[in-house]
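**Q** Supplied in structure tokens, the structure appears directly below.
The values are calculated or read from the model by the stated rules, or taken from the named source; none is laboratory data. These numbers come from a predicted model, not from an experiment. Every residue, glycine among them, receives a Cβ derived from its backbone with ideal geometry; neighbour counts consider all protein chains shown.
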């Protein structure tokens, strides 16, 4: 098995070492197989990383922005990458926020500190390959008013692209980080990693919108570490990609930590959306709540597997997990597998999972008011998503997401 | 002038015959009331006219001005001029009544501009707190609020014929007065034709009935004027329940179907 290697001749010594270790780990682990629980139902056996090339520079982008200028007019900071390379930092007065490109930093950064161990080959490959591992640090006690927007775009045809972002939310800070992942109509493989580190009492709202072309495949990991009394809310919107995987690891490591993990996903055409979640309670008095909602249309597929893990020292824990998927067509397929692994008796845990067609009573009600069937179905699905959309951290961006979902639902079934 | 014509309608649910040949004709401006004991098939009749899934029409026809409604999708029946105020209005999370009215207007080729004002005006007419209009359809509304919400939509959509399936259930006296007099006004101002299903005469205090039909065991056993409702309220169904039926309805025995929970 071969993991492409990239020469990062100008890397600082510490990063070169980190990359070399990650590369070795990736080679050693090799590609996983669909036999493994974490990769069950995935087309992992079809992936050949060596068929992609490593971009040496960012390519010229063709597609427009997912978020128009108006929707992010209040941003504190806008960061752009193309093909994994940092191309732009637009600081609009974000006091107390520092952006570092680890490949240009002689001193060691937070890159690789949240995801210190190996979770899979692709996350290791990301560290080995990422041309600009970014770190955004919010200083202690700082409240960042507008969102910090990080836009990743993939423009190189045939490229293996490895965007990486590490957010360090300082003690008692408050901030909103929004990542947007888009592409041109190119064939590409995206190996993305986002690390979120919350110091004690930090409050971070995080939203990621993935709207890749269906010719692009993605294997992404989002790993969070939440320290004492800190609160993280994450919201993932999975819209694009031919095969698009997002693994979410949320770790409550300090007493009183809270993680709210939400997602909406919408599959159409021949898309395959693969969502894996881990809620890990390491410390006592911690709480996590996961709520995923999706819809699959045409011949698309969705896979959800989730694990709540309560470690032995984690007493007085509340952990909840819900995934609901609507199948909009007979040809669509959805799998939902929740799991619990509990090593402490003092816990409140629940998981719920449902896959089913659109609610016939709801549809009938709207139809009885004269709403044509396809529109009634669109409204029901939008309504189903609206709980999650309403909790997105930025109303302007939520509105863009909602409009995009409506457009997608309108166009679906015609492909 | 429009006419809803139901003729020889036989409907099964699963293996069970629910309607056994129903004939009815409701024209613009008229108010027809269907009364009958529980299980007589009243809700089946209203659902089948609107096309709710789960009912099998085995014989008969339903037409609106000659158009075969049974051949149309539910939304097409609504666009043709039918409206059903449901007995138990469905909760539709995350969907506002305004968005539904806008889509209905748009599908009808009407401009949806001003739909919000129409909604507010209709809400005001029946004392429905317009803040409820902002909520998801029927979500977290009380039974009475849901019925008022149905009445608001009826006022906005202005159908030719409205079926009111126990509009009065769950409504307090004031709300009932507001809703039934709103419907009565529509029969006069907009020539709305009404097919109302109810257990109680009190709906008819404001809404002036032209015809009363008694539905027992899937058949209309008697039709008459408003005096029939008064008789029913006084004497119950006993006279009708035994007519043409050997196993006199169990649901009639022992309970008074006219026992009004609000009185």
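**Q** Conditions: (1) under 14 Å from the mean Cα position of the chain (by Cα); (2) part of a strand (DSSP E or B). Residue A:240 meets all but one. Number of the miss?
**A** (2)
**Q** Only one of these is in contact with a strand residue (DSSP E or B) (Cβ under 9 Å, 6 or more places away or on another chain) and buried (at least 18 other Cβ atoms within 10 Å of the Cβ): B:58, B:48. Name it.
**A** Testing whether each residue is in contact with a strand residue (DSSP E or B) (Cβ under 9 Å, 6 or more places away or on another chain) and buried (at least 18 other Cβ atoms within 10 Å of the Cβ) leaves just B:48.
**Q** May I ask you to verify whether residue B:6 is away from chain A (no Cβ under 14 Å), free of Cβ contacts under 8 Å to residues at least 60 places away in the same chain, in a strand (DSSP E or B) and within 24 Å of residue B:232 (Cβ to Cβ)?
**A** yes
Rundown of residues vs (1) in contact (Cβ under 8 Å) with a residue 24 or more places away in the chain; (2) out of contact with any helix residue (DSSP H, G or I) (no Cβ under 6 Å at 6 or more places or on another chain); (3) crowded, with 20+ Cβ neighbours inside 10 Å; (4) over 17 Å from residue A:223 (Cβ atoms), yes/no style:
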{"position": "A:245", "(1), (2), (3), (4)": "yes, yes, yes, no"}
{"position": "A:307", "(1), (2), (3), (4)": "yes, yes, no, no"}
{"position": "A:338", "(1), (2), (3), (4)": "yes, yes, no, yes"}
{"position": "A:348", "(1), (2), (3), (4)": "yes, yes, no, yes"}
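**Q** Residue check, residue B:130 against (1) farther than 21 Å from residue A:384 by Cβ; (2) surrounded by fewer than 21 Cβ atoms within 10 Å (Cβ to Cβ); (3) at pLDDT 95 or above, all met but one. Which one?
**A** In the conditions (1) farther than 21 Å from residue A:384 by Cβ; (2) surrounded by fewer than 21 Cβ atoms within 10 Å (Cβ to Cβ); (3) at pLDDT 95 or above, residue B:130 misses (3) alone.
Quick grid of which residues meet (1) under 22 Å from residue A:380 (Cβ atoms); (2) part of a helix (DSSP H, G or I); (3) in contact with a strand residue (DSSP E or B) (Cβ under 7 Å, 6 or more places away or on another chain):
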residue	(1), (2), (3)
B:139	yes, no, yes
B:154	yes, yes, yes
B:159	no, no, yes
B:169	no, no, no
B:174	no, yes, no
B:179	no, yes, no
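**Q** On to the next question. From the list A:110, A:63, A:123, pick out the single residue that is outside any helix (DSSP H, G or I), closer than 30 Å to residue A:305 by Cα and out of contact with any helix residue (DSSP H, G or I) (no Cβ under 8 Å at 6 or more places or on another chain).
**A** A:110
Quick grid of which residues meet (1) in contact (Cβ under 8 Å) with a residue 40 or more places away in the chain; (2) farther than 17 Å from residue A:38 by Cβ:
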site	(1), (2)
A:219	yes, no
A:267	yes, yes
A:280	no, no
A:283	yes, yes
A:294	yes, yes
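**Q** Here are some conditions: (1) surrounded by fewer than 18 Cβ atoms within 10 Å (Cβ to Cβ); (2) within 14 Å of another protein chain (Cβ to nearest Cβ); (3) within 25 Å of residue B:54 (Cβ to Cβ). Residue A:329 meets all but one. Which one does it not meet?
**A** It fails just one condition, (2).
**Q** Exactly one of (1) within 18 Å of residue A:397 (Cβ to Cβ); (2) crowded, with 18+ Cβ neighbours inside 10 Å is unmet by residue A:84. Its number?
**A** Going through (1) within 18 Å of residue A:397 (Cβ to Cβ); (2) crowded, with 18+ Cβ neighbours inside 10 Å one by one, residue A:84 breaks only (1).
**Q** For the stretch A:184-226, name all the residues that are outside any strand (DSSP E or B) and at negative phi.
**A** Across the stretch A:184-226, the qualifying residues are A:184, A:185, A:186, A:187, A:199, A:200, A:202, A:212, A:213, A:214, A:215.
**Q** Can you confirm whether residue B:191 is at pLDDT below 95 and assigned to a loop (DSSP other than H, G, I, E, B)?
**A** No, not satisfied.
**Q** Taking the stretch A:42-77 as the region of interest, how many residues are in contact (Cβ under 8 Å) with a residue 24 or more places away in the chain, surrounded by 18 or more Cβ atoms within 10 Å (Cβ to Cβ) and within 20 Å of residue A:335 (Cα to Cα)?
**A** 1
**Q** Restricting to the stretch A:170-187, and then to whatever is in contact with a strand residue (DSSP E or B) (Cβ under 8 Å, 6 or more places away or on another chain) and within 9 Å of residue A:142 (Cα to Cα), can you tell me which residue is surrounded by the fewest Cβ atoms within 10 Å (Cβ to Cβ)?
**A** A:174
**Q** Report those helices (runs of 4 or more DSSP H) wholly inside the stretch A:353-415 carrying at least 2 residues which are more than 14 Å from chain B (Cβ to nearest Cβ) and in contact with a strand residue (DSSP E or B) (Cβ under 9 Å, 6 or more places away or on another chain).
**A** In the stretch A:353-415, the matching helices (runs of 4 or more DSSP H) lie at A:395-411.
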